[in-house]
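Heads up, the thing below is written out as structure tokens.
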Amino acid sequence: MLTKHLVRGGVIAALYVILTVPLASLAFGPIQIRPAEALTVLPILFPEAIPGVFIGCLLANTISMFGWIDIVFGSSITLLAAIVTRLTRKTVFAFLSPVIFNAVLISTYVAWFITDEWFSTTYWVAYGQTAVSIAISQAIVVFGLGVPLIAWLRKVYLHEY
């Protein structure tokens with residue numbers, strides 16, 4: 001059973017990278033379209049998806065224009081969202097947590113990169129615009145791809161979940 005979980009977590013990490021790196025021009029910045037974010041709801045079904053999406057995000061973020069900040073903080077935010085998704089897996093919040101965490105937290109440093117200042121009026125305008133943009137793109141991916149993915153996996157693994 002341990003091998004099955006390790007392999008599944010590794011596959012999730014690899015899929016995250018494969019679905020992010022080729023689309024790098026869309027995946028990083030104030031507008032983030034990452035099909036890999038559909039995988040952030042997998043902790044609903046699979047606990048091993050927590051380290052899987054974390055490691056996948058960490059590896060994908062190594063090519064981010066935001067450098068070490070995105071590697072450390074972006075990946076940590078994904079880890080936090082994955083844990084909350086798992087803990088709230090029987091509620092609608094499980095699907096909302098990746099959207100909310102990314103919109104609220106990723107925007108804090110993306111807005112700083114845009115404005116090069118902290119907590120000025122310009123920063124807050126950039127933060128608001130970035131948060132809305134990331135929330136919309138994240139919601140499209142999570143609800144447009146992630147929800148159907150979970151529904152399909154539940155059918156395939158009906159006997160397990």
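Does anyone have the angle between helix 2-20 and the longest principal axis of the chain? Alpha-carbon axes, 0 to 90°, nearest 10?
Compared with the principal axis, the helix lies near 40 degrees.
How much length would be gained if the chain were fully extended between residue 6 and residue 65, taking 0.36 nm per residue of separation minus their Cα-Cα distance, in nm to one decimal? Each step should come with its number before you reach the end.
Working: separation 59, 0.36 × 59 = 21.24 nm, distance 3.02 nm.
18.2 nm is the gain from fully extending residue 6 to residue 65.
Computed FRET efficiency, Cβ-Cβ of residue 122 and residue 14, R0 35 Å: what is it to the nearest 0.05? If you can, show how the numbers build up before the last one.
Numbers: r = 40 Å, r/R0 = 1.13.
Once rounded, the FRET efficiency stands at 0.35.
Sorting check: for 39-48, 128-137, which peptide has the highest mean count of neighbouring beta carbons within 10 Å, and how do the rest follow?
Working: 39-48: 23.7, 128-137: 18.0.
Listed from highest to lowest mean packing, they are 39-48, 128-137.
Write down the Kirkwood hydrodynamic radius of the stretch 95-154, to one decimal in angstroms, obtained as one divided by the mean of 1/r over all alpha carbon pairs. Mind showing how you got there, number by number?
Values: mean 1/r = 0.0820 Å⁻¹.
About 12.2 Å, per the Kirkwood formula over Cα pairs.
Residue separation times 0.36 nm, minus the C-alpha to C-alpha distance between residue 156 and residue 135: what's the value? Before the final figure, lay out the partial values.
On the way: separation 21, 0.36 × 21 = 7.56 nm, distance 2.97 nm.
Additional length available on full extension: 4.6 nm.
Which one, 77, 47, 32, projects farthest toward the positive side of the charge dipole computed for the chain from Cβ point charges (K/R +1, D/E -1)?
So the residue furthest toward the plus end is 47.
Just the number please: accessible area per residue for the chain, 1.4 Å probe, all protein chains included, in Å². Intermediate values should be presented prior to the final figure.
Numbers: 8020 Å² over 161 residues.
Heavy-atom SASA per residue in the chain reads 50 Å².
In whole Hz and in residue order, list the ³J(HN,Hα) couplings for the stretch 140-155 that follow from phi through the Karplus curve 6.51 cos²θ - 1.76 cosθ + 1.60, θ = phi - 60°; x for Gly and Pro.
After applying 6.51 cos²θ - 1.76 cosθ + 1.60, I find 4, 6, 5, 7, x, 10, x, 5, x, 4, 5, 4, 5, 5, 5, 5 Hz.
Treating only the Cβ atoms of Lys and Arg (+1) and Asp and Glu (-1) as charged, compute the dipole magnitude of the stretch 1-97 about its Cα centre; round to the nearest 20 debye. Could you put the intermediate results ahead of the total?
Details: 6 positive and 3 negative charges, 67 e Å.
With only Lys, Arg, Asp and Glu charged at Cβ, the dipole is about 320 debye.
Which order do 116, 70 take by accessible area at a 1.4 Å probe, largest first? Walk me through the intermediate numbers first.
Working: 116 115, 70 5 Å².
Per-residue accessible area, sorted high to low, gives 116, 70.
The values are calculated or read from the model by the stated rules, or taken from the named source; none is laboratory data. This one's a predicted model, so the numbers in the text were calculated from it and none came from an experiment. Quick reminder, even Gly has a Cβ in these numbers, built from the backbone with ideal geometry, and neighbours come from all protein chains shown. Each accessible area value is taken on the protein alone, full model and side chains, heavy atoms only, with ligands, DNA and RNA left out. Shrake-Rupley method; radii C 1.70, N 1.55, O 1.52, S 1.80 Å.
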